[in-house]
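Enquirer: This is the structure I want to talk about, given as structure tokens.
The numbers here are math on the coordinates, done by the rules we state, and not lab data. This is a predicted model, so every value here is computed, not measured. All Cβ positions, even for glycine, are placed from backbone atoms using ideal geometry, and neighbour counts span all protein chains on display.
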Amino acid sequence: QVQLVESGGELVQPGGSLRLSCAASGSIFSPYALDWYRQAPGKQRELVAHITSGDYTNFADSVKGRFTISRDNAKNTVYLQMSSLKPEDTAVYYCSGIFRGVRKWGPGTQVTVSS
């Protein structure tokens, strides 16, 4: 049973940077694509970033040029590096992946961008 756990969310000022981590357990990590989603209060959950097993990446238009996604298969961890943060980036951030046909989610980590 795959488990995903995010960490790294905190309060940060506009223009600041933050790195989120998501550690996976219970499965071999490397064959799977992984995603970061976010959900702001009163809004639908949205896909922020995606990385394939071959390290191909893509991003939501709203974060292109500011966020990067990477993975360390030896550590079973995926990262979301966020820079030039804006108040509208405030949300709960979730990592997710489809493992053997089942989408799994972590519990999320809160990112708040505010002065």
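Enquirer: Given a Förster radius of 22 Å and the C-beta distance between residue 45 and residue 5 as r, what FRET efficiency does 1/(1 + (r/R0)^6) yield to the nearest 0.05? It would help to have the intermediate numbers written out before the result.
Expert: Details: r = 18 Å, r/R0 = 0.81.
That gives a FRET efficiency of 0.80.
Enquirer: Along the Cα-to-Cβ line of residue 88, 7 Å from the Cα, sits a label point; which residues in the range 36-64 have backbone N less than 13 Å from it?
Expert: 61-64, by backbone N distance to the label point.
Enquirer: Give me the tail of P(r) for the range 1-69 as a percent: Cα-Cα pairs with distance above 21 Å. Before the final figure, lay out the partial values.
Expert: Working: 736 of 2346 pairs.
Every Cα pair in the range 1-69 considered, those over 21 Å come to 31 percent.
Enquirer: Under the Kirkwood approximation for Rh and a Cα-based Rg, what ratio Rg/Rh is obtained for the range 4-115? Let's see the in-between values first.
Expert: Numbers: Rg = 13.2 Å, Rh = 13.9 Å.
Rounded to two decimals, Rg over Rh is 0.95.
Enquirer: For residue 61, project a label point 7 Å along Cα to C-beta. Then give me every residue of the range 74-115 with its amide nitrogen under 18 Å of that point.
Expert: Backbone N within reach: 88-89.
Enquirer: Running a GNM on the chain with Cα contacts under 10 Å, which residue among 78, 102, 48 ends up with the highest mean-square fluctuation?
Expert: Ranking 78, 102, 48 by mean-square fluctuation puts 102 first.
Enquirer: Another question, then. How big is the gap, in Å, between the Cα center of the range 1-68 and the Cα center of the range 72-115?
Expert: 3
Enquirer: Please express the Cα-Cα pair-distance distribution P(r) of the range 71-115 as a list of whole percents, one per 10 Å bin, running from 0 to the bin with the greatest distance.
Expert: The percentages, shortest bin first, are 22, 44, 28, 7, 0.
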